[in-house]
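Below is one structure, written out as structure tokens; the observations come after it.
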Amino acid sequence: MRFTFGNTSSVLAPRSSQKPINKQRRTFIGGAAAALLASSLPMRADLESTPNDPFILLLHGIYQPVPAGGGPADNLGLTTVNLSDGSYSKTRIYPIFGVDGTNDQKKSIGTFYVQFNGYLCAYDLPGGSIAMTFFDPPPGAPDGFNAFVPFPDGAGGYYQEGTFELNITEATGIYAAFRGGHNHMVDRLHQLADGNFNEFCFCNISQYAFP
């Protein structure tokens with residue numbers, strides 16, 4: 001699956017109008033599901049050495065391009081992604097459940113990197129980092145699986161809604177046990193009329209492999 005937002009120039013420069021990224025009809029599972037899961041599970045103290053399995057993050061904020069050569073100096077210690085190759089954009093990460101920082105969910109705890117036209121992404125988190133790859137939808141998958149549904153926002157932009165499944169290819173530090181695990185994303189990406197993208201995506205990250 002390519003987590004395709006369209007041409008990356010739509011993030012670099014404002015546009016007065018823009019077509020929806022994916023014209024296929026898709027089914028969206030509301031982000032409220034992840035929030036309900038978080039509220040129903042017992043809370044764990046904010047101990048940086050013990051991420052919960054699963055833990056839940058929120059990706060939120062306007063995406064910014066990462067210029068070639070402008071990624072983290074140490075590439076977050078990852079080898080399966082190159083965050084300085086010019087193909088990534090980034091936004092902020094907020095804690096929802098089971099990870100350091102949940103005592104103040106209004107404060108960002110890290111940075112999310114994603115290829116707008118590609119399969120790869122990475123999480124820069126307290127105590128370590130994680131690299132992931134988006135799955136292709138399996139044969140017979142229903143509409144809305146690993147793809148977006150565009151809905152006009154009434155202001156010249158679009159809400160891009162969908163769910164995505166990812167494989168954890170690499171994990172460092174306190175997240176090392178999550179290597180080979182799974183991330184279930186519930187995404188509502190707002191494609192603004194000016195061409196920018198405002199992310200709002202719940203990530204349910206666990207150690208079990210995707211079926």
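Derivation of every value follows stated rules applied to the coordinates shown; laboratory data play no part. Model, not experiment: these values are computed from the prediction. We place every Cβ from the backbone using ideal geometry, glycine too, and count neighbours over all the protein chains shown.
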Fill in the blank from the handout: Taking N as the number of residues in region 55-211, the ratio of its alpha carbon radius of gyration to 2.2 N^0.38 Å works out to 1.01
Exercise for the section: May I ask you to derive the relative contact order of region 59-194, considering only C-alpha pairs under 8 Å and at least 6 residues apart, and to give it as an integer percent? Expected result: 17 percent
Completion exercise
Dividing the surface of the Cα convex hull of region 119-200 by four yields a projected area in nm² of 6.4 nm²
Practice task
Quick one: net charge around LEU59, please, counting Lys, Arg +1 and Asp, Glu -1 for every other residue with C-beta under 11 Å from its C-beta.
Solution key: +1
Exercise for the section: Could you list which residues have their amide H under 5 Å from that of ILE62, counting only those 5 or more apart in sequence or on another chain, with H placed in the peptide plane? Expected result: GLU199
Exercise for the section: Report, by chain and number, residues whose modeled amide H sits under 5 Å from the one on PHE145, excluding near sequence neighbours (fewer than 5 apart, same chain). Expected result: THR27
